[in-house]
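First comes the structure, then the notes that go with it.
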Amino acid sequence: MKQRVLSGIQPSGQLTIGNYLGALRHWVRVSQDFDCHFTIVDLHAITVPQDPAGLREGTREITALFLAAGIDPQHSVVFAQSHVVAHSELAWLLTCMTPLGWLHRMTQFKDKVGREQMESVGAGLLNYPVLMAGDILLYQAHAVPVGEDQRQHLEFTRDLAQRFNHRYGPTFRIPTFFPARTGAKIMGLDDPTKKMSKSEESDHHALLLLDPPDLVAQKIKRAVTDNFREIRFSDDPERAGVNNLLTLYQAFTDEESETVEARFDGKGYGELKREVAEVINENLAPLQARYREMVSDRAYIDEVLRDGAQRASAIADATLADVKQKIGLLAPAAK
Ligand code: AQP
């Protein structure tokens, strides 16, 4: 029996190179060896305001990107989170046993909410980690392939599962964090101390998966670097820009760190930027071409999601029924 994997991406904007390296490409790589469930987490996207038509389109477009990147929907289960109702239901059941203090400690919540907005921000944003915990626990996932930014949410999921198991007896498998070997944390081009995010407004913050080659080159050319004039990996925040460019180069070439550093030894930042843009464009071209073919076939995309929801529901409903029984909720009498 293969171990089970669950992961998702929000349809909250155009996917970035960070989403691709930290999640999507990593999923493609693990999908041969694991029993995979990949979901477009539309219920997570509505924790901040979304345009309804844009959300529907975004859900289809991200499904097309999953397929274009190489996820095989015959082999892996691909579904929209809101098509499997158990996600909403388990989120409530888990909410009732989540200490508020745990939620207030989540750094992503603090990052997303400025102090002045605290009173008006939707409660869903605070509850986001509970919904995510439910997504994972419903499938009894062994491992969760996500980027570094999700490490704290995964720890939260493990804690919540242990709390439930302790109170009601063994119910949930305790999942492990499974980051990509390279590219698990790609930083913003305009501010390399901040992670690259799809919902950032600035047009030179993120490289998007569907950016045309000249735009990729332009954005990389503008990327923030430093005055050290030395091309090597470093965890010094002042060298974060060059480190980020090297990380991108390494992620797209799969070369060892020493090989990458040797390649750029004695070269200037201009050359580094040109070569980084080149490897990104070379790697993205086939994916972008497949995406353009796929995205117009709405009937096929809808069919993939329908089939995925059916397969996902079979597992999710069984876990949910067990949870409800353990909590003591009365099952409806059979006719
Ligand atoms: N910069 C990143 N580097 C590596 N991995 C990343 N991920 C996100 N940003 C980076 C990974 O992408 C997956 C999907 O993330 P998500 O859509 O669920 O939400 P997120 O983590 O909040 O990603 P964004 O792009 O920052 O979205 P917004 O702006 O909507 O909040 C996850 O596996 C994540 O780790």
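The values are calculated or read from the model by the stated rules, or taken from the named source; none is laboratory data. Everything quoted here is computed from the prediction, not taken from an experiment. Note that each Cβ is placed from the backbone with ideal geometry, even for glycine, and that neighbours are counted across all protein chains shown. We work out accessible area using only protein heavy atoms, side chains counted, and drop any ligands, DNA or RNA first. Shrake-Rupley method; radii C 1.70, N 1.55, O 1.52, S 1.80 Å.
Quick check on Thr176: is it outside the structural domain of Asn283 (by TED's automatic domain parsing) and touching a helix residue (DSSP H, G or I) at 6+ places or on another chain (Cβ under 9 Å)?
Spelling it out, Thr176 is indeed outside the structural domain of Asn283 (by TED's automatic domain parsing) and touching a helix residue (DSSP H, G or I) at 6+ places or on another chain (Cβ under 9 Å).
Can you confirm whether Arg311 is among the basic types (Lys, Arg) and either under 29 Å from Ser76 (Cβ atoms) or assigned by TED's automatic domain parsing to the domain that holds Ile40 (or both)?
Here the answer is yes, as Arg311 does meet what is asked.
Taking Ile40 as the residue in question, decide whether it is buried (at least 23 other Cβ atoms within 10 Å of the Cβ) and at negative phi.
In short, yes.
If you go through region 133-162 one residue at a time, how many are open to solvent by 10 Å² or more (accessible area, probe 1.4 Å), more than 14 Å from the ligand (Cβ to nearest atom), farther than 16 Å from Asp322 by Cα and in contact (Cβ under 8 Å) with a residue 24 or more places away in the chain?
Qualifying residue count for the region: 2.
Any idea which of (1) farther than 27 Å from Ala318 by Cα; (2) buried (at least 18 other Cβ atoms within 10 Å of the Cβ); (3) among the small types (Gly, Ala, Ser) is the one Gly114 doesn't satisfy?
(2)
Report, ordered by the first and then the second residue, all pairs with beta carbons closer than 7 Å, sequence separation of six or more or different chains, a first member in region 82-99 that is among the charged types (D, E, K, R), and a second member that is at pLDDT 95 or above.
Close Cβ pairs (under 7 Å, with a partner that is at pLDDT 95 or above) amount to Glu89/Leu320.
Considering only residues that are within 23 Å of Glu256 (Cβ to Cβ) and open to solvent by 50 Å² or more (accessible area, probe 1.4 Å), look in region 177-215 and name the one that is farthest from the ligand (Cβ to nearest atom).
This residue is Arg181.
Among (1) within 15 Å of the ligand (Cβ to nearest atom); (2) out of contact with any Lys or Arg (no Cβ under 9 Å at 6 or more places or on another chain), where does Leu15 come up short?
Condition (2) is where Leu15 drops out.
Could you go through region 77-91 and let me know if any residue there is in the same structural domain as Ile174 (by TED's automatic domain parsing), touching a Lys or Arg at 6+ places or on another chain (Cβ under 6 Å) and within 25 Å of Arg56 (Cα to Cα).
Yes, because at least one residue in region 77-91 is in the same structural domain as Ile174 (by TED's automatic domain parsing), touching a Lys or Arg at 6+ places or on another chain (Cβ under 6 Å) and within 25 Å of Arg56 (Cα to Cα).
So Phe109 passes all but one of these: (1) open to solvent by 10 Å² or more (accessible area, probe 1.4 Å); (2) assigned to a helix (DSSP H, G or I); (3) more than 12 Å from the ligand (Cβ to nearest atom); (4) touching a Pro at 6+ places or on another chain (Cβ under 9 Å). Which condition number does it fail?
Condition not satisfied by Phe109: (3).
With over 10 Å from the mean Cα position of the chain (by Cα), more than 12 Å from the ligand (Cβ to nearest atom) and either assigned by TED's automatic domain parsing to the domain that holds Ser82 or not hydrophobic (A, V, I, L, M, F, W, C) (or both) as the only criterion, which of Gly54, Gly58 stands out?
Result: Gly54 is the single residue among Gly54, Gly58 that is over 10 Å from the mean Cα position of the chain (by Cα), more than 12 Å from the ligand (Cβ to nearest atom) and either assigned by TED's automatic domain parsing to the domain that holds Ser82 or not hydrophobic (A, V, I, L, M, F, W, C) (or both).
Specify which of the listed residues (Glu230, Glu278) is acidic (Asp, Glu) and in a helix (DSSP H, G or I).
The match here is Glu278.
Could you list, in sequence order, all residues of region 73-96 that are under 18 Å from Leu320 (Cα atoms), open to solvent by less than 10 Å² (accessible area, probe 1.4 Å) and part of a loop (DSSP other than H, G, I, E, B)?
Hit for region 73-96 is Val84, nothing else.
Would you pick out the residues in region 252-277 that are of a type in the set (Ser, Thr, Tyr) and over 21 Å from Pro213 (Cβ atoms)?
Ser257, Thr259
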